[in-house]
1. Suppose we filter THR227, THR203 for residues that are out of contact with any Gly (no Cβ under 7 Å at 6 or more places or on another chain) and of a type outside the set (Lys, Arg); which single one remains?
2. Could you grab me the full set of residues in the stretch 5-32 that are free of Cβ contacts under 8 Å to residues at least 40 places away in the same chain and either among the hydrophobic types (A, V, I, L, M, F, W, C) or part of a strand (DSSP E or B) (or both)?
3. Which one is nearest to ligand 1 (Cβ to nearest atom), of the residues in the stretch 146-193 that are under 15 Å from the mean Cα position of the chain (by Cα) and among the small types (Gly, Ala, Ser)?
4. I need the full set of residues from the stretch 113-139 which are among the aliphatic types (A, V, I, L, M) and surrounded by 17 or more Cβ atoms within 10 Å (Cβ to Cβ), in order please.
Amino acid sequence: MQTNQAVQVSALTQGYGKQIVLKDINLTLNHGQILALIGPSGAGKTTLVSTIMGMLRPRTGQVSVLGQAVPNRPLLAKIGFMAQTDALYESLTGAENLTFFAKMQGVPHAQIAKQMAYAANVVNLQPALKQPVKDYSGGMKRRLSLAIALISQPQLLILDEPTVGIDPELRQQVWHELHRLADQGVAIILTTHVMADAEEADTLLMIRNGTAIAQGTPAQLKADYQTDSIEAVFLAAGRQQDAH
Ligand SMILES: Nc1ncnc2c1ncn2[C@@H]1O[C@H](COP(=O)(O)OP(=O)(O)OP(=O)(O)O)[C@@H](O)[C@H]1O
Ligand SMILES: [Mg+2]
């Protein structure tokens with residue numbers, strides 16, 4: 001296997017009970033690349049990232065992360081994860097949440113303060129770090145969740161709808177940081193409904209009805225579908241799927 005590979009998904013089928021949610025998903029993500037998963041609500045994006053994280057065992061097919069097959073519990077410490085639903089300790093402050101998750105991810109004690117300052121700074125949360133999370137707005141909770149994903153400086157980031165509740169100015173700042181991390185070799189997977197996020201990614205995987213309907217770089221997809229927007233690519237690929 002190439003050492004540059006961060007994530008490989010081969011012929012993945014996934015589901016819940018009798019429901020099949022993902023069919024024959026294949027993807028490769030190298031270090032230094034940003035992959036955006038896009039698709040309608042219920043398409044299977046969260047199911048796919050949960051499977052890559054190892055929270056769901058593949059029904060059929062293989063998933064390997066940082067060179068190891070998942071599920072694999074020790075791998076979790078190497079992945080920065082932001083769930084679609086915030087999993088925060090409401091009665092603790094932002095700083096206490098960050099400290100807790102930093103310790104869980106194995107950040108050495110002496111580096112926690114520096115890493116907290118870095119992660120909080122990316123999402124402009126420094127002024128609120130001493131407040132309990134129960135007093136945060138929805139967007140502040142999303143930002144804290146993103147800071148938690150960043151705090152251990154992981155080699156793989158998996159972010160489920162990271163730009164929800166993030167204002168346009170901060171969105172630019174977050175994207176600046178994601179590109180900087182990718183330049184340093186971090187592999188990033190994110191899900192989004194925002195076409196502008198899709199445009200920022202190096203590669204896209206469009207999922208509809210559990211199937212990959214289009215996959216490639218934004219420029220390549222626009223050229224293939226002879227259009228100038230990712231939204232139009234998605235709609236055209238969806239029409240092709242319906243026609244089959
Ligand atoms: N824990 C679960 N148990 C049973 N069914 C589930 C579970 N999680 C998701 N599903 C079903 O799997 C399908 C895909 O859901 P998933 O959450 O992966 O979609 P999504 O693409 O992330 O959607 P959204 O954009 O709304 O977040 C849906 O039909 C959903 O009802
Ligand atoms: Mg989801």
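The values are calculated or read from the model by the stated rules, or taken from the named source; none is laboratory data. A quick note: this is a predicted structure, and the numbers were derived from the prediction, not measured. Methodologically, a virtual Cβ is constructed for each residue, glycine included, from the backbone with ideal geometry; neighbour enumeration extends over all protein chains shown.
1. Being out of contact with any Gly (no Cβ under 7 Å at 6 or more places or on another chain) and of a type outside the set (Lys, Arg) holds for just one of THR227, THR203, which is THR227.
2. TYR16, GLN19, THR28
3. ALA149
4. Across the stretch 113-139, the qualifying residues are MET116, ALA119, ALA120, VAL122, VAL123, LEU125, ALA128, LEU129, VAL133.
Residue-wise test of (1) of a type outside the set (Ser, Thr, Tyr); (2) surrounded by fewer than 22 Cβ atoms within 10 Å (Cβ to Cβ); (3) in contact with a Leu (Cβ under 8 Å, 6 or more places away or on another chain); (4) at pLDDT 95 or above.
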| residue | (1), (2), (3), (4) |
| --- | --- |
| ARG180 | yes, yes, no, yes |
| ILE188 | yes, no, yes, yes |
| MET195 | yes, yes, no, no |
| ASP202 | yes, yes, yes, yes |
| ILE207 | yes, no, yes, yes |
| ALA243 | yes, yes, no, no |
